[in-house]
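Scroll down for the structure; my scribbles are underneath it.
The values are calculated or read from the model by the stated rules, or taken from the named source; none is laboratory data. Predicted model only: the values in this text are computed from it and were never measured. For neighbour counting, all protein chains shown are included, and Cβ atoms are generated from backbone atoms with ideal geometry for every residue, glycine included. Heads up: the accessible areas ignore ligands, DNA and RNA and are worked out on the full protein's heavy atoms, side chains in. Shrake-Rupley method; radii C 1.70, N 1.55, O 1.52, S 1.80 Å.
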Amino acid sequence: QVQLVESGGGEVQPGGSLTLSCAASGSFFSSYVMDWYRQVPEKQRALVARIGSGGSTYYADSVKGRFTISRDNAKNTVYLQMNSLKPEDTAVYYCSGNLLSKTYWGQGTQVTVSS
């Protein structure tokens with residue numbers, strides 16, 4: 001069983017930055033594919049960024065060049081650095097971990113981009 005706990009959300013003005021963190025408990029963190037998703041009311045959760053066990057990354061087109069996903073396996077933590085934030089980035093952001101067809105989710109953290 002893996003538990004994921006997100007932190008770092010909050011309110012920021014357009015053009016600002018935030019860094020989200022997702023701390024994982026349990027073993028084999030380095031083997032997990034780690035994702036960041038986001039969800040707005042009445043819409044499906046959408047993949048924002050992914051980092052593989054080997055460090056390969058994927059970004060949704062809407063965040064390319066602005067967001068950076070990274071991981072620190074020694075700290076069992078994955079990060080999402082978000083720069084040049086826009087109002088449309090407002091959402092609840094969720095961390096998920098995937099290993100051997102099992103997916104674990106965090107509780108989510110709210111990010112609000114507003115002037």
Q: For region 25-115, state which chymotrypsin sites (Phe, Trp or Tyr not before Pro) are in a DSSP loop and have at most 16 other beta carbons lying within 10 Å of their beta carbon.
A: PHE28
Q) For the residue pair ASN73 and GLN107, what label-to-label distance in nm results when each label sits 7 Å from Cα along the Cα-to-beta-carbon direction? A) 2.9
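Would you mind working out the accessible area per residue for the chain, using a 1.4 Å probe, and quoting it in Å²?
Numbers: 6150 Å² over 115 residues.
I get 54 Å² per residue for this part.
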Q.
Let me spell out the model: positive unit charges on the Cβ of Lys and Arg, negative unit charges on the Cβ of Asp and Glu, origin at the Cα centre of region 1-66. What dipole size does that give, in debye rounded to 20?
A. 160
Q: Please work out the ratio of the alpha-carbon Rg of the chain to 2.2 N^0.38 Å and round it to two decimals.
A: 1.00
Q: Scan the chain and hand back the longest stretch that contains none of the trypsin sites (Lys or Arg not before Pro) lying in DSSP loops with at most 13 other Cβ atoms within 10 Å.
A: 65-115
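Of the lysine pairs in the chain, how many meet both conditions: Cα atoms under 24 Å apart, and a spacing of 8 or more in sequence or different chains? Intermediate values should be presented prior to the final figure.
Details: LYS43/LYS64; LYS43/LYS86; LYS43/LYS102; LYS64/LYS86; LYS75/LYS102.
Total qualifying Lys-Lys pairs in the chain comes to 5.
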